[in-house]
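Colleague: Starting off with a structure, shown below.
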Amino acid sequence: MWGTVTVSPMSHPRRSRGTAASLIGLVLGLGMLSSATVLHADVRDGATPVASLKVAPGFKVELLYSVPKEQQGSWVSMCLDNKGRLIVSDQYGKLYRLTTPPPGSTTLQKIEPLNVEVGSAQGLLYAFDSLYVMCAEQKFQGRGLYRLRDTKGTDQFDEVRLLRKLDGGGEHGPHAILKSPDGKTLTIVSGNQTRVTEINSSRVPLDWSEDHLLPRLWDGNGFMKGVLAPGGWIAKTDPEGREWELLATGFRNEYDAAYNRDGELFAFDADMEWDLNTPWYRPTRVNHVVSGAEFGWRSGAGKWPAYYPDSLGAVVNVGPGSPTGVTFGYGAKFPAKFQEALFINDWSYGKLYAVILKPAGSGYTGQLEEFISGSPLPLTDLVVNPADGALYFTIGGRKTQSGLYRVLYTGPESTAPSKGMSGGERDRAARRRLEAFHGHADPKAVAAVWPFLKSADRNLRFAARVALEWQPVETWRDRALAEKNPETSIQAMIALARASHRDRFHSKPTDPAPDAALQEKMFEVLQRVSWSRLSESQQLEWLRANALLFTRLGAPNEPIRQALLARVSPLYPARSRELNAELAPFLVYLEAPDAAARLVAALQSAPSQEEQLDLARAIRVLKTGWTPKLHRAYFGWFLKAASFRGGASLAGFLRDIKADALVHVSEAEKAELADVLNAKPVIKKPLENLLAGRSTVKEWKVSDVTPALATGLRHRNFQKGHDLFGAVGCFNCHRFAGDGGAVGPDLTGIGGRFNPKDLLESIIEPSKEVSDQYAPIVITTKSGSTVTGRVANLNDEVMMIMEDMSAPGDFTNVRRSDILNVEPSKISPMPEGLLNTLKQEEILDLMAFLLSRGDEKAALFK
């Protein structure tokens, strides 16, 4: 729900108004919210005042109720009943029923506790003449799904039944309850500390596994160590909770989900903030939850990258945060754009986003817009009441101050009911025809799905492969082995590896060992594929298919090992960060004789912290090819890495990487390396560490470089720009083309929205214009001290402030009762002077790189 109790760094929506501002301001979307001066927020008593909120133009927010915490707790979930009343739940206590005021009034007409033996709900739904409650705490009759009914017509719930106990609780336990589009079932959303309940059927192939080519690196703090797939899951059940069907798996901690008008499901999944600034960090993201979906959560550093073909990616990546409630805007008296929007809550950073979805093939893409934000504003849940056309949201959680708010539209645009989105109907229909084969065998399936294995539409390929895995392997194995189309071959081999593993997994201990000849035949199929004729995404799929041959069917024999090594060794290093991240583990797994020399050299020259961590993780289990010099270089790297900054698990990850590597070092070698192994690192701030070997060239001004922008951005050096992005510290906070840190905004698409001069100005003069909705806040305490930063987390009366973007694992605690006032800072969190160690030609290479959107073939480099 809200993630682990630690700081979560700055989130980063992506919309702008195009004027010069700090780089953070440019990327984060300065145009959507009202730019009125933010009043000082009085957060000492009561819910956050509406005067301190930033609200989209034309909208009005009303505070209807500041919850008396000692009497009514901290509210985390909410629903509408059959009479349009709100039902809410304290995270650790009772349920309450509220009658909201009519327009023009902000006083609740009635609030009453429900006299029932259930509460602590992280999911509420009124459906089938019943109130469904998802209890997340070990109290009442236990954790799980409850059904409450009024059997006497007294407007009180006199029957409370536990329909299904669920094994898991707390903030990673069972969460939301939705009414399914079929009008006959419930959809249940559960986080990754909830074991999959006993199911009667599944759309997800029952062949999930960890699928790591190299041994997994568990979380550096031991969080969820030993917990295996499938992670968070979504299922359907009937109104009595008797029959359960598994729909999707592989989430981290999706707290809520919502169906759109077309019956398509979307969930808002959590990040692991302790992973920040590591290559395995996955941002909070909105997922399109299709039939049989797998989203690749694996514990520790084992999370699958979004490009793995046996999983699905995101509709939109949001960034660091803590997902809570979501809802579509249907029924709201809002402009059509917002009626169709998916509203999502970020608890830790106090941001209510509107995700503007657009059909794309059989799926969707999304654009993130900030709708309402505040600091603090720990958003928990939200609903639209069609009776008054208003959006209601609550704040609270973890015993923080709770409140109920109402959002109305007062602007000039039409609020007539939207006619809905158009587009993608044909592709979605095709996907649903494929999904009809999920969960069961059908003699018509193989012929129907086979052509879609090579579809350019990722969702169609995925749906086809899942359908294939549900069919008896003997009905399609020979066809897969005979396939000549490269894309179809790759997808078929992925399916065959997974399905063959399933057959082995469900076999008896006395059954024969798996057929080694099958692995050889599958390997031959993949070797027929021409690497040079594949796109980069297909090359990544080819590598994944080869990995699954070994994770599912066992280690390769010597001829296969040598043949594959001869194939992949010349491919490293590749031009792509993602390809290198997959190729390096193959060099280690296949025991390439020169792997130590090549990968240690790459480790020493890699421009970003994330790329270095990826390499160090792979190298740690390499057994061959070591020399004393290489060992000294590798273990010497840990002295530099000690200055890395990231989430709370980073230090533990580094400790465990080093410990794993030392397993393969003899006692004699350890003695020779004692000076390096026992040396105490000199801890430097990230920028100090990066810029230590660079001298100041000039204190650049915008006017110094502007004349060169007109003609000097052509024929630039992409690789040099990439390297400089790391050399001056940009990778430390920002992602670009899939690489880099996550505490600042992703800069990949900035070249499509801003001209070179505005971009240059935002880098050289980051504080010239600081948007009040994205600036840090300055907290003045009663003692006269000040704390400047972002509210990153809350717990009871404590606000946790991240003061340094480059150190997202560090925070300062401030008690609400100690606060005198809060106001926005006029200083950007982005430091000045980052370009002062560069020559003008280097600045132009860096600018061209930023403007390229990560495309080395862009016109700027020709």
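The values are calculated or read from the model by the stated rules, or taken from the named source; none is laboratory data. Remember, it's a predicted structure, so these values are computed and weren't measured experimentally. Positions of Cβ are backbone-derived with ideal geometry, glycine not excepted, and every protein chain shown enters the neighbour counts. Quick note on the areas: whole protein, heavy atoms, side chains included, nothing else; ligands and nucleic acids left out. Shrake-Rupley method; radii C 1.70, N 1.55, O 1.52, S 1.80 Å.
Colleague: Rounded to the nearest whole Å², what accessible area per residue is found for the chain with the 1.4 Å probe?
Modeller: That works out to 37 Å² for each residue.
Colleague: Further, regarding this structure: Rounded to the nearest 0.05, what FRET efficiency is calculated for SER532 and LYS484 with R0 set to 25 Å and r the Cβ-Cβ distance?
Modeller: Once the sixth-power term is evaluated, E becomes 0.90.
Colleague: Same structure again: Using P(r) over Cα pairs in 20 Å bins from 0, in percent as the read-out, say which of (i) 13, 32, 27, 16, 9, 3, 0; (ii) 11, 34, 36, 17, 3, 0; (iii) 15, 46, 34, 5, 0 was calculated from these coordinates.
Modeller: (iii)
Colleague: When all protein chains stay in place, what accessible area (Å², nearest 10, 1.4 Å probe) is found for HIS440?
Modeller: Rounded to the nearest 10, that gives 70 Å².
Colleague: Further question on the same structure: Considering only protein heavy atoms and a 1.4 Å probe, what is the carbon-and-sulfur percentage of the accessible area of the range 435-489?
Modeller: 58
Colleague: For LYS60, list the lysines whose Cα falls under 20 Å from its own Cα; do not include residues on the same chain fewer than 8 positions away.
Modeller: Hits, sequence-local ones excluded: LYS333, LYS337, LYS351.
Colleague: Same structure again: With a cut-off of 11 Å, note down the residues of the range 171-187 whose backbone N falls inside the zone around a label point 7 Å from the Cα of GLU243 toward its beta carbon.
Modeller: 185
Colleague: Another question, then. Hey, got a sec? Which trypsin sites (Lys or Arg not before Pro) in the range 395-493 land in a DSSP loop and have at most 10 other Cβ atoms within 10 Å?
Modeller: Hits after loop and neighbour filter: LYS419, LYS444, LYS484.
Colleague: Positive end of the charge dipole of the chain (Lys, Arg +1 and Asp, Glu -1 on Cβ, about the Cα centre): tell me which of ALA354, VAL568, GLY46 has its Cα farthest that way.
Modeller: My answer, from the dipole projection, is VAL568.
Colleague: Right, another one. List the aspartates and glutamates whose Cα lies under 14 Å from the Cα of LYS782, skipping any in the same chain that are fewer than 8 positions away.
Modeller: The reachable aspartates and glutamates, counting only those whose Cα sits under 14 Å from LYS782, are ASP42, ASP818.
Colleague: Mind running the shape call on the range 68-206? Use the C-alpha gyration tensor, a ≥ b ≥ c as the square roots of the eigenvalues: rounded below 1.5 for a/c, prolate if a/b tops b/c, oblate otherwise.
Modeller: It is prolate, given that a/c is not under 1.5 and a/b is the larger ratio.
Colleague: What list of ³J(HN,Hα) values in whole Hz, one per residue of the range 245-250 in order, does the Karplus curve 6.51 cos²θ - 1.76 cosθ + 1.60 (θ = phi - 60°) give from phi, with Gly and Pro shown as x?
Modeller: 10, 7, 9, 7, 9, x
Colleague: Once you sort the root eigenvalues of the Cα gyration tensor of the range 284-410 as a ≥ b ≥ c, which label holds: rounded (a/c under 1.5), prolate (a/b larger than b/c) or oblate (the other case)?
Modeller: Verdict is oblate for the range 284-410.
Colleague: Express the carbon and sulfur contribution to the solvent-accessible surface of the range 39-183 as a percent, rounded to the nearest whole number, probe 1.4 angstrom.
Modeller: 46
Colleague: Using only helices, what value at 222 nm comes out for the chain when you add -39,500 (n - 2.57) per DSSP H run of length 4 or more and divide by the total residues, to the nearest 500 deg cm²/dmol?
Modeller: -7500 deg cm²/dmol
Colleague: Past 23 Å, Cα to Cα: identify those pairs from LYS658/LYS720; LYS225/LYS623; LYS720/LYS826; LYS54/LYS94; LYS623/LYS658; LYS484/LYS521, in the order given.
Modeller: Too far apart for the 23 Å limit: LYS658/LYS720; LYS225/LYS623; LYS720/LYS826; LYS54/LYS94.
Colleague: Which shape class applies to the range 529-649: rounded if a/c is under 1.5, otherwise prolate when a/b exceeds b/c and oblate if not, where a ≥ b ≥ c are the square roots of the Cα gyration tensor eigenvalues?
Modeller: Prolate, since a/c reaches 1.5 and a/b exceeds b/c.
Colleague: Ignoring ligands, DNA and RNA, what percent of the 1.4 Å accessible area of the range 592-721 is carbon and sulfur?
Modeller: Carbon with sulfur: 55 percent of the solvent-accessible area.
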